[in-house]
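K.L.:
For reference, the structure I am asking about is given below.
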Amino acid sequence: MSETAEGATAAPPQDGSGGSSSRPGVREVLAAAVASLGGQERPGQVRMAEAVADAMGDGVHLLVQAGTGTGKSLGYLVPALLHDKRVVVATATLALQHQLVERDIPALLEAGKHVLREVPSYAVLKGRSNYACLHRVREGVPDDQGALVEVPEGSMGSQVLELRSWAEEEAERGGAGDRDSAPRHTDRIWRQVSVSARECLGAAKCPFGGECFAERARDRAAKAQVVVTNHSLLAIDAIEGVPMIPEYDVVVVDEAHELSARVTQAATDELTPVQVERAAKRAARHVAGMEADDLADAADELRDVLADCEPGRLDPVPTAVADALALVRDSARTLASAFGKDSGDDAGVTQAKGWVQEVFSTAERMAAQSDGDVMWMTLRETGRGGVMLSVAPLQVWGPLRDKLLAEKTVVFTSATLKLGGDFTALATTIGLKPAERIGEDDAPEGRSGSSERGDDVQPWRGIDVGSPFDYGKQGILYVAAHLPRPGRDGLAARTLDEIVDLVDAADGRALGLFSSRRAAEAAAEALRQRLPHLTVLAQGDAQLPELTKQFVADPHTCLFGTLSLWQGLDLPGETCQLVVIDRIPFPRPDDPLMSARQRAADRAGRNGFMTVSATHAALLMAQGAGRLIRTGTDKGVVAVLDPRLEGTSYGGFLQASLPPMWRTTDRAVVLGALRRLSGTSSR
């Protein structure tokens with residue numbers, strides 16, 4: 001028996017691709033890479049690489065919490081490149097995907113080439129709409145009536161031409177042709193040079209199939225040892241059963257704390273009366289009968305019944321709405337059949353039929369009113385009809401367990417996997433349960449006998465490799481226990497005073513994480529009036545990359561915003577010495593999906609609040625607090641202005657989810673620490 005990284009025992013792998021037999025190779029390549037990159041050995045990184053190699057070898061799922069500064073990408077890339085079968089790496093964000101493909105993997109291969117027997121290949125794979133479509137670029141874009149137009153009218157025409165020229169240059173030089181490498185553009189502009197999977201003619205029918213960027217990307221992935229993709233594409237491939245990724249046995253899910261949300265997002269469908277109406281208009285040019293008119297009438301009926309509904313969850317779905325959805329479904333089915341089975345190589349026909357089929361599949365799902373789905377209505381700010389129906393899965397752990405965990409070996413990793421001090425909360429959301437665990441950290445082996453899931457038991461291990469940072473000395477967690485509890489009327493005057501005093505002591509250098517845009521703007525306005533010598537930026541003042549650049553350039557600057565700032569920002573050094581969190585980020589009580597999941601948990605005999613709301617808040621708080629300490633020399637304060645973090649039954653769970661910083665409720669101590677850091681203590 002071989003000793004695993006977390007102290008449990010497991011049989012050595014039979015194929016020699018992981019476990020103890022692979023450890024010398026893992027250590028050797030990792031050491032060569034670290035030395036070549038000018039780094040130093042990190043025990044947590046070594047421990048992670050060995051544990052990942054074991055998981056890949058013995059087929060047991062692994063959860064790895066690797067704190068900031070561990071170097072987790074090398075921790076899983078080294079064993080992935082040494083594994084004898086294809087490994088898929090799935091990320092939540094394009095930024096990490098870009099980092100892996102453009103920096104980490106090339107650097108690793110260059111650094112380790114003298115110790116690798118052969119240099120493995122790698123490729124990046126994205127959804128089809130992320131690549132420019134040469135047929136659309138060269139033949140034009142169908143308009144709402146299905147006619148091909150050479151250049152869209154209006155000011156965006158020149159931008160579309162620029163993208164078309166770029167696409168031709170990419171095709172000529174054999175480039176990737178993907179959106180990330182394109183000139184600056186908006187979503188609307190990009191749609192003029194790309195197609196969805198439903199709109200695609202297919203490589204066999206398309207006259208430009210031999211040059212197709214998406215097909216070339218798939219070909220490269222089919223030959224690669226490591227394929228880098230995203231959570232959404234992984235979900236479509238594994239859960240929905242649509243073949244998107246070449247055959248593989250192992251997947252590494254980085255940013256795994258985002259997996260449940262990303263899978264939910266990928267499995268969410270939306271429908272608007274405008275969308276139905278446009279599908280009917282596009283089809284009308286290609287179908288001779290009255291079927292397109294029938295779908296247009298169904299769009300009007302849907303618009304009328306939704307006008308009488310209140311925004312929010314439809315539980316139960318009103319009879320009138322159900323009848324309208326059934327009418328849309330039936331009309332779309334009939335219209336799709338009227339196209340015939342083969343649309344040939346006519347892009348206008350293909351696109352029109354694809355739109356109708358999309359309407360049909362979404363309306364069919366909504367009309368079914370499955371117990372496994374949640375449906376709700378929202379008001380849109382613009383657009384005729386102004387309403388949108390959405391449907392999302394009530395839970396995703398079941399499909400993840402049945403379609404991914406049962407078929408593949410999965411390594412989940414993130415800086416925030418342990419919520420409340422252990423892996424249980426997050427593991428449950430991705431299809432794993434405590435009863436299936438066969439080892440955690442350095443606890444003795446503890447395989448349990450029975451599981452409520454019977455034959456579907458998926459054994460797993462959890463390991464926390466720590467962080468090279470000394471959080472107890474580098475950071476302070478301050479809970480402003482003297483402030484009033486947050487209410488519905490925005491930030492209280494005392495809370496605004498607290499923010500002003502904290503930011504003044506830090507002399508700027510503050511990242512404000514707020515639960516609402518209104519709160520962020522109110523705090524920014526108060527600072528501008530009372531601390532005019534500081535620069536205060538609020539989300540919405542400009543694009544986020546521009547705001548971040550300005551924030552980093554001037555230490556006497558504050559950046560305030562909402563959820564998009566809570567995770568992903570990397571702000572090392574004196575740029576950020578104060579992180580302000582205005583309130584515990586529980587989901588809104590009227591959030592249709594979260595409230596439905598909480599009620600389902602209560603009905604199942606679990607504590608819905610802790611299972612859903614507290615877990616959601618803990619994950620966001622851990623990510624938000626993680627913005628403070630990004631290097632071994634960073635120092636600062638995370639200030640939580642919500643007194644509920646102290647003295648409540650859930651406060652301990654939330655605090656246990658945060659980095660192990662020194663904790664205090666003493667306002668004077670915190671202000672003094674910030675003044676010393678900023679050099680304003682003599683003022």
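K.L.:
Scan the stretch 121-129 and tell me whether some residue there is aromatic (F, W, Y), at pLDDT 85 or above and in contact with a strand residue (DSSP E or B) (Cβ under 7 Å, 6 or more places away or on another chain).
P.N.:
yes
K.L.:
Report yes if some residue within the stretch 187-202 is among the aliphatic types (A, V, I, L, M), farther than 11 Å from L134 by Cβ, surrounded by fewer than 18 Cβ atoms within 10 Å (Cβ to Cβ) and more than 24 Å from the chain's Cα centre (by Cα); otherwise report no.
P.N.:
No, because not a single residue in the stretch 187-202 is among the aliphatic types (A, V, I, L, M), farther than 11 Å from L134 by Cβ, surrounded by fewer than 18 Cβ atoms within 10 Å (Cβ to Cβ) and more than 24 Å from the chain's Cα centre (by Cα).
K.L.:
Does V242 satisfy being of a type in the set (A, V, I, L, M), open to solvent by less than 20 Å² (accessible area, probe 1.4 Å) and out of contact with any Lys or Arg (no Cβ under 7 Å at 6 or more places or on another chain)?
P.N.:
No.
K.L.:
Six or more apart or on different chains, Cβ under 9 Å: which pairs go from a residue in the stretch 633-650 that's of a type in the set (F, W, Y) to one that's open to solvent by 40 Å² or more (accessible area, probe 1.4 Å) and not in a strand (DSSP E or B)? Could you list them?
P.N.:
Y650/F609; Y650/M610
K.L.:
Could you go through the stretch 432-446 and let me know if any residue there is at pLDDT below 90, part of a helix (DSSP H, G or I) and surrounded by fewer than 20 Cβ atoms within 10 Å (Cβ to Cβ).
P.N.:
Scanning the stretch 432-446 turns up at least one residue that is at pLDDT below 90, part of a helix (DSSP H, G or I) and surrounded by fewer than 20 Cβ atoms within 10 Å (Cβ to Cβ).
K.L.:
Find all pairs meeting these conditions: Cβ atoms under 9 angstrom apart; at least six residues apart or on different chains; first residue within the stretch 398-419 and within 17 Å of R461 (Cβ to Cβ); second residue of a type in the set (F, W, Y).
P.N.:
Listed pairs, sorted by first residue: L405/W460; K408/Y248; V410/W460; V411/Y76; F412/W460; T413/Y76; L417/F423.
K.L.:
Which of the residues belonging to the stretch 486-512 are open to solvent by 10 Å² or more (accessible area, probe 1.4 Å), in a loop (DSSP other than H, G, I, E, B) and either modelled with pLDDT of 95 or more or closer than 16 Å to L578 by Cβ (or both)?
P.N.:
Within the stretch 486-512, D507, R509 meet the criteria.
K.L.:
Right, here's the next one. If I filter the stretch 569-593 down to residues being within 18 Å of the chain's Cα centre (by Cα) and buried (at least 16 other Cβ atoms within 10 Å of the Cβ), which single residue comes out as nearest to G69 (Cα to Cα)?
P.N.:
L569
This table checks each residue for (1) modelled with pLDDT of 90 or more; (2) of a type outside the set (D, E); (3) closer than 20 Å to A406 by Cα; (4) touching a Pro at 6+ places or on another chain (Cβ under 7 Å).
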| site | (1), (2), (3), (4) |
| --- | --- |
| T4 | no, yes, no, no |
| S36 | no, yes, no, no |
| R42 | yes, yes, no, yes |
| R47 | yes, yes, no, no |
| G71 | yes, yes, no, no |
| L77 | yes, yes, no, no |
| V87 | yes, yes, yes, no |
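K.L.:
Looking at this structure, is V349 in contact with a Leu (Cβ under 7 Å, 6 or more places away or on another chain) and either open to solvent by 40 Å² or more (accessible area, probe 1.4 Å) or in contact (Cβ under 8 Å) with a residue 24 or more places away in the chain (or both)?
P.N.:
No, not satisfied.
K.L.:
Can I ask one more? Exactly one condition in (1) of a type in the set (V, I, T); (2) at pLDDT below 95; (3) touching a helix residue (DSSP H, G or I) at 6+ places or on another chain (Cβ under 8 Å) is not met by T548; state its number.
P.N.:
Going through (1) of a type in the set (V, I, T); (2) at pLDDT below 95; (3) touching a helix residue (DSSP H, G or I) at 6+ places or on another chain (Cβ under 8 Å) one by one, T548 breaks only (3).
The values are calculated or read from the model by the stated rules, or taken from the named source; none is laboratory data. Owing to the predicted nature of the structure, the values given are computational and were not obtained by experimental measurement. Reconstructed Cβ throughout: ideal geometry from the backbone, glycine too, with neighbour counts over all protein chains shown. SASA here: full protein model, heavy atoms, side chains in, ligands and nucleic acids out. Shrake-Rupley method; radii C 1.70, N 1.55, O 1.52, S 1.80 Å.
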